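Report on one structure; see the data block that follows.
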Amino acid sequence: MIDMREGSVERCTNETSISVRINLDGTGKGEIHSGIGFFDHMLNLFAAHGLFDMKLQCNGDTEVDGHHSVEDIGIALGQAVKEALGDKKGIARYGSFYLPMDESLAFVALDISGRPFLVYDGGEMAPMIGGYDTELTEEFLRAFAFHAGITLHVKVLYGKNSHHKVEAIFKALGHALRIAVEKDARVQGVPSTKGVL
């Protein structure tokens, strides 16, 4: 019987009210309500491909734009993942994945290092996909990486369709994180020669 690794965060500001719960040992069930349709789609893909069970509700000032909601969801989700990881004992720690989406190809590599960093190269994209500002992909990834304590590298190698490019990023992120959080019985303690992460 696996002890489920779960994290739960509630974050309220003058701009957003967010509740998020994630189970790293789930089956990929997502119940996502961000207030931005395309972003819901992306977060559901992240959960499905990571095999994470995730519930997320955000009430944000989308009448202004989507920036506050997307960034604050990144913060809250990163905090929930960090909580779910606990002491990080026995995890693989590193994960990487190439994800083809029709004509587009994205690559994500990450390290659950405790040293947050983001390198992002999404290439050129259309300004908007539905009601989603594509610039917010980088803002989400930065907030997520810094609050989860992850070193994160994301690159779209090529592609033409902006929907496909962003979708490839979120699917690849799910797969890479799934690999990194996987438990390995051979790993004794924390997977670092320093003894801490």
>> Springs between alpha-carbon pairs under 10 angstrom, Gaussian network model over the chain: which of G130, G35, G66 fluctuates most?
In response: G130
> If only Cα atoms are counted, what is the Rg of the stretch 6-181, and what is its Dmax, in Å?
Replying inline: 14.7, 44
> Taking Cα atoms, how many degrees apart are the long axis of helix 67-85 and the longest axis of the chain, rounded to 10 and kept between 0 and 90?
Replying inline: 10
>> For the stretch 19-119, compute Rg over Rh where Rg is the Cα radius of gyration and Rh is the Kirkwood radius from the inverse mean 1/r over Cα pairs.
In response: 0.97
>> If I model a spin label as a point 7 Å beyond the Cα along the Cα-Cβ vector, how far apart are those points for E182 and Y120 in nm?
In response: 2.7
> When the Karplus curve 6.51 cos²θ - 1.76 cosθ + 1.60 is applied with θ = phi - 60°, which whole-Hz ³J(HN,Hα) does each residue of the stretch 123-131 get, with x for Gly and Pro?
Replying inline: x, 6, 9, 4, x, 10, 10, x, x
> So which aspartates and glutamates can K55 reach, going by Cα to Cα under 13 Å and dropping same-chain residues fewer than 8 places off?
Replying inline: E6, E10, E31, D40
> Ordered by residue, what ³J(HN,Hα) values in Hz, to whole numbers, does the stretch 140-153 give under the Karplus form 6.51 cos²θ - 1.76 cosθ + 1.60, where θ = phi - 60° and Gly and Pro are x?
Replying inline: 4, 4, 5, 4, 4, 4, 5, 8, 8, x, 10, 7, 10, 10
>> Taking θ = phi - 60°, what integer Hz values does the Karplus form 6.51 cos²θ - 1.76 cosθ + 1.60 yield along the stretch 45-61, in sequence order, with x for Gly and Pro?
In response: 5, 4, 5, 5, 7, x, 6, 9, 8, 9, 10, 9, 10, 10, 10, x, 7
> Name the residues of the stretch 93-118 whose amide N is less than 13 Å from a point 7 angstrom out from the Cα of K160 along the C-beta direction?
Replying inline: 102-104
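Please compute the contact order of the stretch 6-181 in relative form: average sequence separation of alpha-carbon pairs under 8 Å and at least six residues apart, divided by the residue count, as a percent.
Values: 454 pairs, mean separation 49.5, N = 176.
This gives 28 percent for the stretch 6-181.
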> Could you give the angle, 0 to 90 degrees to the nearest 10, between helix 162-181's Cα long axis and the longest principal axis of the Cα atoms of the chain?
Replying inline: 10
>> Once each part is reduced to its C-alpha centroid, what is the distance from the stretch 86-152 to the stretch 161-179 in angstrom?
In response: 8
> Pick from P100, P116, P127: which residue has the top mean-square fluctuation in a GNM of the chain where Cα pairs under 10 Å get a spring?
Replying inline: P127
> Using 1/(1 + (r/R0)^6) with R0 = 25 angstrom and r between the beta carbons of T27 and D87, what's the FRET efficiency to the nearest 0.05?
Replying inline: 0.55
>> Quick query: amide H of L157 versus all other amide H atoms, modeled in the peptide plane; which residues come in under 5 Å with a sequence gap of 5 or more or a different chain?
In response: L105, A106, F107
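Please identify every one of the GluC sites (Glu not before Pro) in the stretch 77-144 that sits in a loop by DSSP and has no more than 16 other beta carbons within 10 Å of its own beta carbon. Intermediate values should be presented prior to the final figure.
Values: sites: E83, E103, E124, E135, E138, E139; in loops: E103, E124, E135.
Within the stretch 77-144, the qualifying GluC sites (Glu not before Pro) (loop, at most 16 other Cβ atoms within 10 Å) are E103, E124, E135.
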>> At 7 Å along Cα-to-Cβ for each site, give me the label-to-label distance between E135 and T193 in nm.
In response: 4.3
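Taken together, the values in this text are just the output of simple stated rules run on the coordinates, not laboratory data. All of these numbers come straight from a predicted model, not from anything done at the bench. Counting neighbours? That spans all protein chains shown, and the Cβs are built from the backbone with ideal geometry, glycine included.
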